[in-house]
Amino acid sequence: MTRHAITIVGSGYVGLVTGACLAKLGHRVVCHDIDTKKISLLKRGSMPFFEPGLREIILQSVRQKRLTFESDPVTALRGSEVIFITVGTPSRKDGSVDISYVKSAAKSIAANLRGGEIIVSKSTVPIGASLLLRRSIQRTFSGHFSIVSNPEFLREGVALGAFLKADRIILGYEQQVTARVKKIMREIYAGIKAPIIETNNRTAELIKYAANVFLASHISFINSIARLCEEIGADVEVVSAALKADPRIGQRAFLSAGIGYGGLCFPKDIRALIRISQKLGYRFKFLDVVDQINKDQRKFFVQRIRMLVPKIKGKKVALLGLSFKPQTDDLRDAPSLDIIKSLLRAGAKLHVTDPVAINSTRRIFGSLLTYHRNPYDALRGAHVAAIITEWPQFTALKLEKMKKLLAEPNIVDGRNIYDPETMRHLGFRYIGIGRGYIREIFVKK
């Protein structure tokens, strides 16, 4: 395998995972960031966020001298053949993508180019951004360089596997791409057994949006089916299992009913594609519906809590789970944030627990919440327990103990981790998502 000298510009989530995995594949990698505190943290062997297995791979690659961290752009870019841009591209208020960090990265890169480098755009950027990137660099550097669009498809919580055992690798090239550039890009990913799809820049940029919108639409679809299930007395889990049994749909389909999607990618990419379409004079109505259904799920979840505890002011509510999905501490656009804000406005006393996201939550809400490492402590004396994140630790809780600890045996399960019949047999007033008639729960004893 041919090894290459690579610089990662932007050492956030995408940058660190990309850098660590490329180093593991044998390349010599420098992770660069202008945040000196972050670089110092990484040099000490600490991590700025939680991702299973990432710290171990980073420490191993550092020991093997394949991975270093550098805040100085001159040092970081010296001798680099391939430069990956992995900086953040946050949403603006109108839903459009803010590429100011990409422009800043381009300016820094341009000042340190020698000629012949390949600049790989891995950040999620608006369609057509590769041309903007080229023009931005050419304002400073007049020599030869190449732009490649290589969108990331990382999945938080399983990011290492998603990278090293990727389903596909997308490489978008400029019209004037050379055989050398294609050869190097293939060599970079030679250690990954995945099909490589080569196309132009704009198609590569659109593929990322199309993939995330497609997956998000499945979630909104099954949540709509779940609402119908509650009206007709059907079980969405059985419906979902039957759908997945169809080979045209498959077992990996995103068909788990719940409180909706969150995280950095799905909400941001849907809003961005809506905005991109608007600018082109096309109203992408389908995306409006997908987005609205997801927002509504969070409201419906709070309504379910208040169905069980109508006079919620001053009542203790235990929230189990804070991160937007298991195996991460990421709270970006997490359903928990809207749910917490709504319950606080209603005057509830919130006791929260999460295996890894407590510190992240404390930075946002401070003393407004009571935090617990042990979920049983959060449950003690609560008038209702709400399952927000499907952590395996919550699935493993002893139900009899839960019932004894709760002031009232009320459970609202936003991820359908418990069996309704079991819960009702044990004496819980249990509401899942799409698990039959909700009104049956309120029949007087």
Selection status of ALA245, small (Gly, Ala, Ser) and either surrounded by 12 or more Cβ atoms within 10 Å (Cβ to Cβ) or at pLDDT below 95 (or both) | no
Would you pick out the residues in region 341-399 that are within 16 Å of ARG415 (Cα to Cα) and free of Cβ contacts under 8 Å to residues at least 24 places away in the same chain?
-> THR395, ALA396, LEU397
Hey, LEU54 hits all of (1) in contact (Cβ under 8 Å) with a residue 60 or more places away in the chain; (2) of a type outside the set (S, T, N, Q); (3) at positive phi but one; which does it fall short on?
-> (3)
For region 233-260, what are the residues that are outside any helix (DSSP H, G or I) and closer than 18 Å to ALA216 by Cβ?
-> ILE249, GLY250, ARG252, ALA253, PHE254, LEU255, SER256, ALA257, GLY258, ILE259, GLY260
Filtering region 184-223 down to residues that are closer than 30 Å to PRO335 by Cα and either in the same structural domain as LEU131 (by TED's automatic domain parsing) or among the polar types (S, T, N, Q) (or both) yields ASN212, SER217, SER220, ASN223
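Out of all the residues in region 70-104, which are assigned to a strand (DSSP E or B) and in contact with an Asp or Glu (Cβ under 8 Å, 6 or more places away or on another chain)? Break it down stepwise before answering.
Filtering region 70-104 for residues assigned to a strand (DSSP E or B) gives 70, 82-85, 91, 97.
Within region 70-104, VAL82, ILE83, SER91 meet the criteria.
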Are any of the residues in region 113-120 within 24 Å of GLN175 (Cβ to Cβ), part of a helix (DSSP H, G or I) and either more than 25 Å from the chain's Cα centre (by Cα) or not assigned by TED's automatic domain parsing to the domain that holds ASP269 (or both)?
-> no
Residues within region 348-399 that are at negative phi and in a helix (DSSP H, G or I), tallied | 20
Residues satisfying the stated conditions in region 169-180, i.e. within 19 Å of SER80 (Cβ to Cβ) and surrounded by 20 or more Cβ atoms within 10 Å (Cβ to Cβ) = LEU171
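Look through LEU397, LEU406 and report the one residue that is touching a helix residue (DSSP H, G or I) at 6+ places or on another chain (Cβ under 9 Å) and surrounded by fewer than 20 Cβ atoms within 10 Å (Cβ to Cβ).
Answer to the selection: LEU397.
The values are calculated or read from the model by the stated rules, or taken from the named source; none is laboratory data. If you're wondering where the values come from, they're calculated on a predicted model, not measured in any experiment. Backbone-built Cβ (ideal geometry, glycine too); neighbour counts: all protein chains shown.
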